[in-house]
Amino acid sequence: MSATEAKQSRPTFRKPPSEGVTELVGLGIYSLVELEDGSLLASNGRTSTDGGQTWSEPRSLAEGAEIATWGGFCRLQSGVLVATGNSHANEPLICLSGDESNTWGEPILVDLLGSPYYDTLTQLSSGRLLYPSRICFANAEHPELRYEDASSWGTWQGRRLQVSGHYHYPEIDIACVSHSDDQGQTWEQCEGKLMGWFDADGIPNGFGGVTACDEPGVAECAAARPGRRYGPPNWPRPTRHRGCGPFPRPGT
């Protein structure tokens, strides 16, 4: 059975919502933000005035803006609303609004490595904006490593099912973080990039192959370690978690 056939025959494991829970599907919403009047604004322009029970029809957030797709929102400490998106040329952009999304400024190009993963723009307590991203080098149809052969499979109620995601693609994913100290007007990538290149002992020699750093996000810790300045452009050296292996050494 091919991976496509396995996916099509996969049973639905999802349980129905609990009693009293309203489930809405097919809205095409990736991100939400609460506006000052208590209403909700979605990344596709839908709005709700009843706490998400019902939604308006989708609309463009900014008519005529050079935004092909909208990704997410970030409410800045100043109250300014930031919307992320991509241009028609697939360039990462942000737009700022100072009047609760009634109007938006001109799109600002963001210096990212590759592309972000959905709603990941974050503001630190210092006011600095962090925008993680990643660049992917993958080939789902590698001639010597078919996906269905490299993937993991299991048996459930007598049915053979695929139990792993796309991680067995021949895939290199490198993460990075860009930062801005002027409310998103200008951006700069951090000096280092993040990927795994370890052996079974955590030594960065590549004997264990590539450990992908895909779909990155960031979060501010409660307190930084004394004497260390975390966050771009200065990052601590990454270490390999021993729960990810062990990887065999070449020839073993």
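Data overview
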| item | result |
| --- | --- |
| In the stretch 43-126, trypsin sites (Lys or Arg not before Pro) in a DSSP loop with at most 16 other beta-carbon atoms within 10 Å | ARG59 |
| Inter-label distance, nm, simple model (7 Å from Cα along the C-beta direction), THR155/THR54 | 5.2 nm |
| Where GluC sites (Glu not before Pro) fall in DSSP loop in the stretch 52-142, at most 13 other Cβ within 10 Å | GLU63, GLU141 |
| Percent RCO, i.e. relative contact order, over the stretch 68-139, from Cα pairs under 8 Å lying at least 6 residues apart | 24 percent |
| Prolate/oblate/rounded label for the stretch 19-91 (Cα gyration tensor, a/c 1.5) | oblate |
| Sorted by Cβ density within 10 Å, fewest first, the residues CYS213, CYS176 | CYS213, CYS176 |
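Each value in this text was obtained by applying a stated rule to the coordinates, not by laboratory testing. From a predicted model like this one, the values you see are computed outputs, not experimental measurements. Every residue, glycine among them, receives a Cβ derived from its backbone with ideal geometry; neighbour counts consider all protein chains shown.
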